[in-house]
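Report on one structure; see the data block that follows.
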Amino acid sequence: MTETDIHPLITGIANGNVYPYIIPLNSEGEPAISPPWVVFSFVSQLSADVLCGPAETASSVQFDVYATTIAQARDIRSAVIAAVSPLAPAHQMLTQEFDTETALYRATVELQFID
């Protein structure tokens, strides 16, 4: 599994503000887009080995939703989870917080995919 497997499923969420790893930044290093946005990244990819070689890979992917309210961040996070459901995520971990650096609310989901 790669970013190209995930991005098409979630590209229409958050007004299209969906990016792998980092959002667009202006020349001052500040966000070049307005919230809300979604950033996703592969946290880890663990491959199982069997006698004949590599078998399945468990990919942990983190989706961070930034929004002006926690309710909006949670709603968008739910939309992300629903959008990637065809990939059959195995595990799900939810967290949320206020991000002091951006002054935005962040709702995060980490999902594990087996392929």
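The values are calculated or read from the model by the stated rules, or taken from the named source; none is laboratory data. In this text, all values refer to a predicted model and were calculated from it rather than measured experimentally. We place every Cβ from the backbone using ideal geometry, glycine too, and count neighbours over all the protein chains shown.
Figures for the structure shown
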item: MET1 among the hydrophobic types (A, V, I, L, M, F, W, C) and either without any contact (Cβ under 8 Å) to a residue 24 or more places away in the chain or farther than 18 Å from ASP115 by Cα (or both); result: no
item: Any hit, segment 48-68, residues being surrounded by 14 or more Cβ atoms within 10 Å (Cβ to Cβ) and more than 26 Å from ILE114 (Cα to Cα); result: yes
item: Subset of segment 72-111 (residues that are among the aliphatic types (A, V, I, L, M) and within 25 Å of GLU30 (Cβ to Cβ)); result: ALA73, ILE76, VAL80, ALA103, LEU104, ALA107
item: Residue that is nearest to ILE81 (Cα to Cα) [pool: residues in segment 4-22 that are surrounded by 18 or more Cβ atoms within 10 Å (Cβ to Cβ) and in contact (Cβ under 8 Å) with a residue 40 or more places away in the chain]; result: ILE10
item: Residue that is modelled with the lowest pLDDT, among those in segment 1-33 that are outside any helix (DSSP H, G or I) and among the charged types (D, E, K, R); result: GLU30
